[in-house]
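The structure under discussion appears below in the form of structure tokens.
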Amino acid sequence: MSATMNVTLRIWRQKNRHTKGRFVDYPLSDVSPEQSFLETLDVLNNQLEARGEDPVAFDSDCREGICGTCSLHISGTPHGPMKLTTTCQLHMRSFRSGATITVEPWRARAFPIVKDLIVDRSAFDRIVQSGGFVSVKTGSAPDANSLPVPKANAELAMDAAQCIGCGACVAACKNASAMLFVAAKVSHLALLPQGHAERKERVVKMIARMDQEGFGSCTNLSACEAVCPKGISVNFIARMNREYLRAGLTG
Amino acid sequence: MKLDSKIPSGPIQDKWEKHKFETKLVNPANKRKYRILVVGSGLAGASAAASLGELGYQVDVFTHNDSPRRAHSIAAQGGINASKNYPNDGDSVWRLFYDTVKGGDFRAREANVYRLAQLSGNIIDQCVAQGVPFAREYGGLLDNRSFGGAQVSRTFYARGQTGQQLLLGAYQSLMRQAAAGTVAIHPRTEFLDLVVVDGQARGVITRDLVTGKIERHLGHAVVLATGGYGNVFYLSTNARNCNVTATWRAHKRGAAFANPCFTQIHPTCIPVTGDHQSKLTLMSESLRNDGRVWIPKKKEDRSKDPATIPEGDRDYYLERRYPAFGNLVPRDIASRAAKQACDEGKGVGSSGMSVYLDFAESIQRLGQPVIAERYGNLFEMYERITAENPYQKPMRIYPAVHYTMGGLWVDYNLMSTIPGLFVLGEANFSDHGANRLGASALMQGLCDGYFVAPYTIGGYLASNAFKGVTSEHDAFREAEQAVDGGVKRLLSGRGKRTADDFHRSLGKILWDKCGMARNAAGLTQAIGDIAALRAEFRENVIVPGEGGDLNQALERAGRVGDFLEFAELLCLDALHRDESCGGHFREEHQYEDGEAKRNDEAFAYVAAWEHAGAGKAPILHKEALAFENVHLATRSYK
């Protein structure tokens, strides 16, 4: 068993979106390197609650990197220092003892703060509502094997489809652009024959909605890809741009 | 209370067709006059809500998550079963039905299981049409793999993220209906009570988790698709926020709770590392296709580097004990075998509470790229959590609580003992008996939501009269006051221990006394310990903050309070079921080789418990199980 660590968590506290927030320092001792970052917040919250203080509000659910609920800007990077890793799978062994770790919510106009480290990401749901689906009614599907899909296309579609909708791409972007999120869904469905019927309409509507929600334009800097816990490639943004152009040209 | 399973008459293969024809229909123009309240947005809830919306009903969906896409179905890894028989290896509806009844150790209702097998193929068709990117062969057609408890390859998968892709398919259909205006989504909203008016489920009371506002919602039917209660054990593979509140509070309003002691301990999870642990992470059962489970034969080898232990000194105990199924025995059997190995002192790792799952032979035979294509993301996840590379060193695994077969009792229509309250997916008890086979949970959730509930709820609406009540009815007022009182009582708690701390203590009692092995003395003690803990919770819990605000301490306290009540019923059911079957292993009932010993004469029934009021013993009702198509036999995977 490795030795325990001491760390200071510098956490953004904000009662709600109408009040001003500030950083508060919380020193923690005897932190196990084996414990996850969110478990460290659990330990802190347990201490705060036992003293009758308000625990730090943060979102988390599956704690295995797939539901996309957890967020957190950790020492300047969405989801913290480990590549291809969500905050819930980040462990304390990624930090050194004695470190001060700054913890902030996602910062983006389209993701207003709800409380402390929790933001409202419902804009993503509204973008999907604008066209991120195949219009197929329950019961009307043909046999699953009636339409072969080349394996390479299916694999590429899956690369895009694994987006967990966490919003790290938006948080990392200087312009708070949602291009990677939208591109992943547009590409996933454009790469499969099932998505072809609504291909043009989908990309046009989803981009319009994205703009309406207040997300910025693409910076072409690929900060989104660098922090994406699922490693979704910016090539999908290029693909979405081609889809958009094609929809415009062919009406 | 009277249990009427409403199983249609006739041969099992014709029951569903006949029942669909005999079920009354709601005229298309009348559908929009009915409002259906769906609680939960996982596979069962999202698929039901989307399908009901498409049919033209007005639907409201409530989820405690910030988006319906985050429900815990998303974490299912390995796959979804269907009897398509694409691999031409002898699968059929009948075989899937047979495997599921047998895998459930003969404690499931035959008619429901047969319907599930019959509809399994439609699910795959539906999901592919939605754009679910299932794994494919080079010819472009769908690929399959094997799972425990079956000798055919019937599992469809999307890498190790099948649940995610299926849920996103259902979520996208749900979003389409939200845009069409048939479905209203209520995120960050928690169900806190069911409203029953003149014997019919007519509404729900919710709390807005952001503003704290308690709200009344009126409908013609209520659907609970709120998942299982595995988190009663504190440590489980469930998401942090999974809870028993919805099903437990519906139980207190009159819905019978069936077979709560049927809990599934999954054999392949990442072992516990310390007291800080907040959850356990599953490693998909699909890994047992290519991984071999072993422990050292000699106790003194258990701390050695596994690579230095020669073949002859390794005990591949599943292959040895179960040559026919080998590493692919059902989950309950694999879990118990791992426990036995560790109890004998041969477990590995620093705690001695784990066994090896070794891929060395498969990597040698197939090459690392093939293994990486099949399980890459699982290997990465393992390395991220343990800081060990499973391509080079065998994984270490140990069983963990994963799924609950028990749940609210439902009839063939998936309706509970409260008329108008339907229960879908893991929240009901119906299809998996005493043990669920791998890749069958996704199948059941989607089957209930896409293909069963849309018919049976219509049938209920068409054949019942509804009084013109409003949400000002006394039943609504009473339920809202009860919820409000509960919230205020928790907030007045100014004791010394947090809700999370109580939850940990509860989990320890259950894991020790009502986990993988149970006995009468331990269960009796657990019941006393739980009552004492519950009494302490009332006196000594501390819940800071206010009710009219986002307050996660309050959310946790409410859920833990319900777990503390429910846990007692769980142990009571385990104590009353004086036999071993599936995931319920009573140490008093085993064969000489340690296999579970069922008692069909005394216990071939569903135990459905009726709530008799606070402080009163619950009342047991029995639904006898008839096995007319799969004959009762001792399960053997040897």
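Here are some notes:
- Residue in the range A:39-65 that is farthest from A:PRO229 (Cα to Cα), counting only those that are more than 7 Å from every other protein chain (Cβ to nearest Cβ) and in contact with a helix residue (DSSP H, G or I) (Cβ under 7 Å, 6 or more places away or on another chain): A:VAL56
- In the range B:235-247, the residues that are surrounded by fewer than 24 Cβ atoms within 10 Å (Cβ to Cβ) and either of a type in the set (A, V, I, L, M, F, W, C) or at positive phi (or both): B:LEU235
- For the range B:533-554, residues that are surrounded by fewer than 20 Cβ atoms within 10 Å (Cβ to Cβ), touching a strand residue (DSSP E or B) at 6+ places or on another chain (Cβ under 8 Å) and more than 9 Å from chain A (Cβ to nearest Cβ) total 2.
- Residue in the range B:2-24 that is farthest from B:GLU628 (Cα to Cα), counting only those that are in a loop (DSSP other than H, G, I, E, B) and among the polar types (S, T, N, Q): B:THR23
- The residue that is nearest to the other protein chains (Cβ to nearest Cβ), among those in the range B:148-168 that are in contact with a Ser or Thr (Cβ under 9 Å, 6 or more places away or on another chain) and not in a loop (DSSP other than H, G, I, E, B), is B:GLN164.
- Residue match in the range B:310-322 (condition: modelled with pLDDT of 95 or more, surrounded by 24 or more Cβ atoms within 10 Å (Cβ to Cβ), part of a loop (DSSP other than H, G, I, E, B) and more than 14 Å from chain A (Cβ to nearest Cβ)): no
- Scanning the range B:169-224 for residues that are aromatic (Phe, Trp, Tyr) and within 14 Å of chain A (Cβ to nearest Cβ) yields a single hit, B:TYR171.
- Whichever residue in the range B:26-64 is in a strand (DSSP E or B) and crowded, with 24+ Cβ neighbours inside 10 Å and, among such residues, is farthest from the other protein chains (Cβ to nearest Cβ): B:LEU37
- Within the range B:65-87, the residues that satisfy the criterion of being in a loop (DSSP other than H, G, I, E, B) and within 18 Å of B:ILE185 (Cα to Cα) are B:ASN65, B:ASP66, B:SER67, B:ALA71.
- Residue count for the range A:66-90, restricted to those that are at the interface with chain B (Cβ under 7 Å from one of its Cβ atoms) and either in contact with a strand residue (DSSP E or B) (Cβ under 6 Å, 6 or more places away or on another chain) or surrounded by fewer than 24 Cβ atoms within 10 Å (Cβ to Cβ) (or both): 1
- Filter pass, A:GLU49 being free of Cβ contacts under 8 Å to residues at least 60 places away in the same chain, in a helix (DSSP H, G or I) and buried (at least 22 other Cβ atoms within 10 Å of the Cβ): yes
- Some residue of the range A:24-33 being within 8 Å of chain B (Cβ to nearest Cβ) and touching a Gly at 6+ places or on another chain (Cβ under 8 Å): yes
- Answer residue from the range A:116-127, given it is at negative phi and in contact with a Leu (Cβ under 9 Å, 6 or more places away or on another chain) and is farthest from the other protein chains (Cβ to nearest Cβ) among those: A:LEU117
- Per this entry, A:ALA184 is not counted among residues that are in contact with a Pro (Cβ under 6 Å, 6 or more places away or on another chain), of a type outside the set (Phe, Trp, Tyr) and buried (at least 16 other Cβ atoms within 10 Å of the Cβ).
- Any chance B:ALA338 is within 18 Å of B:PRO394 (Cβ to Cβ), touching a Pro at 6+ places or on another chain (Cβ under 7 Å) and either touching a residue at least 40 places away in the same chain (Cβ under 8 Å) or of a type in the set (Ser, Thr, Tyr) (or both): yes
- Unmet criterion (only one of (1) modelled with pLDDT under 95; (2) buried (at least 20 other Cβ atoms within 10 Å of the Cβ); (3) of a type in the set (A, V, I, L, M)) for A:LEU249: (2)
- Enumeration of residues in the range B:250-275 that are more than 27 Å from B:ASN327 (Cα to Cα) and surrounded by fewer than 24 Cβ atoms within 10 Å (Cβ to Cβ): B:LYS252, B:ARG253, B:GLY254, B:GLY274, B:ASP275
- Residue within the range A:91-100 that is over 14 Å from the mean Cα position of the chain (by Cα), crowded, with 16+ Cβ neighbours inside 10 Å and at the interface with another protein chain (Cβ under 8 Å from one of its Cβ atoms) present: yes
- Residue within the range A:137-145 that is β-branched (Val, Ile, Thr), modelled with pLDDT of 95 or more and under 29 Å from the mean Cα position of the chain (by Cα) present: no
- Subset of the range B:528-548 that is among the aliphatic types (A, V, I, L, M) and part of a helix (DSSP H, G or I) - its residue that is nearest to B:LEU510 (Cα to Cα): B:ILE530
- Taken over the range B:580-595, residues that are surrounded by 21 or more Cβ atoms within 10 Å (Cβ to Cβ) and either over 19 Å from the mean Cα position of the chain (by Cα) or part of a loop (DSSP other than H, G, I, E, B) (or both) amount to 5.
- Comparison of B:VAL204, B:VAL232, B:VAL222, B:VAL197 shows that the only residue that is more than 30 Å from B:PHE156 (Cα to Cα) and more than 24 Å from the chain's Cα centre (by Cα) is B:VAL197.
- Residues (closer than 19 Å to B:GLU383 by Cβ and either among the aromatic types (Phe, Trp, Tyr) or surrounded by fewer than 19 Cβ atoms within 10 Å (Cβ to Cβ) (or both)) located in the range A:34-46: A:PHE37
The values are calculated or read from the model by the stated rules, or taken from the named source; none is laboratory data. It should be emphasised that the depicted structure is a prediction, and the values quoted were computed from it without experimental measurement. In this analysis, Cβ positions are derived from the backbone assuming ideal geometry, glycine residues included, and neighbour counts consider all displayed protein chains.
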